[in-house]
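Here is the structure we will look at.
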Amino acid sequence: MENISNVEEIKALIALLDDEDEFIFENVNKKINELGEDTIPYLQKGFENSQNALQRKRLAFLLDKFKLIKLNNEITNWSKNEAHDLLKGLIHIAQFGFPNFKISHLEKVLDQLKEEIEPLIKGKSNYEIMQEMNKIILDKYQFGSNFKNYSGVNNSFINKVIEDKIGNPIMLCIIYLLVAKSLNINLIGINSPKHFILAIIQDKGEEVVFYNDELIDQVEFYIDPFHKGIFYGSEKFDSMLKEMNFDFNDKVFLPATNLDIIKRVINNLIYALHTTGEKKFAKSLLKIVDAL
């Protein structure tokens, strides 16, 4: 779509989507389908600017179709080749909801968080490091918990959480994880059955290895950004699991890989769409996540 003739062609085709003549629409629809998912940014802009009900309906149909295809292709490729890069997977999901959002703003905020936290944690203990992260992320930047709209659609889009400074448990944890990775802090996600939390791993000078039966035993303490960044130890965490009738044989599976995190974010989005009546859309997303 970088070719200027293609750009002008898609704009012309979009302009014809308000034509009530079915023959014209069928030809326009065929040509847009041939151009494929590269048309998404232009279809999105056309949808946002259109005042014509018929044109908006047709644009919405095409957008839904292409966005699902694009997300499926990108997330499948990410899971096979780029799962080490959590942010990239989150960007694919965000572009599903907001095709034209600016990645540069997202990266700028994450860089700012890193730059502010880095000088505060040199020579500090893990406990002190997490205290400083809480002070910057929760207090100074005022990222908060979305209690009011816990299952809202926007909670699954990293760009909206960064923009609005409010999110659900997993997305607040993700902000910590992204910053921690850039600072080489041994912070991991924990797929707690109640809601997603974090854990700091005892520093042994080694890279954290997932699918390791001993990893959960290396946890120094847990952090819950959704509840004001509270810390608690393994005894308290085990007590919480017991209250939920959790099978402790499954505890070794609680440390979350990047793929686990992306799956949980998409599943949250599926639930949010289902509750808002977008059941067909939710079903299509379920097929994508089930294939990962």
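The values are calculated or read from the model by the stated rules, or taken from the named source; none is laboratory data. Small disclaimer: the values here were computed from a predicted structure and weren't measured. FYI the Cβ positions are ideal-geometry reconstructions off the backbone, even for glycines, and counts take in every protein chain you see.
Quick rundown of the values:
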read-out	value
Residue selected from segment 107-145 under the condition among the β-branched types (Val, Ile, Thr) and farther than 19 Å from residue 163 by Cβ, by the criterion surrounded by the fewest Cβ atoms within 10 Å (Cβ to Cβ)	121
Residue check, residue 96 aromatic (Phe, Trp, Tyr) and assigned to a helix (DSSP H, G or I)	yes
Residue 135 in the same structural domain as residue 227 (by TED's automatic domain parsing), part of a helix (DSSP H, G or I) and either closer than 20 Å to residue 200 by Cα or out of contact with any strand residue (DSSP E or B) (no Cβ under 6 Å at 6 or more places or on another chain) (or both)	yes
Segment 89-115: number of residues that are under 22 Å from residue 267 (Cα atoms) and either free of Cβ contacts under 8 Å to residues at least 12 places away in the same chain or of a type in the set (S, T, N, Q) (or both)	1
Helices (runs of 4 or more DSSP H) completely within segment 1-88 that count 3 or more residues being within 30 Å of residue 266 (Cα to Cα) and either over 24 Å from the mean Cα position of the chain (by Cα) or hydroxyl-bearing (Ser, Thr, Tyr) (or both)	22-35, 40-49, 53-77
Residues that are hydrophobic (A, V, I, L, M, F, W, C) and farther than 27 Å from residue 203 by Cβ, drawn from segment 81-108	91, 93, 94, 96, 98, 101, 103, 106
Residue among 224, 250, 213, 203 that is touching an Asp or Glu at 6+ places or on another chain (Cβ under 9 Å) and among the charged types (D, E, K, R)	203
In segment 243-273, the residues that are over 27 Å from residue 83 (Cα atoms) and touching a helix residue (DSSP H, G or I) at 6+ places or on another chain (Cβ under 8 Å)	248
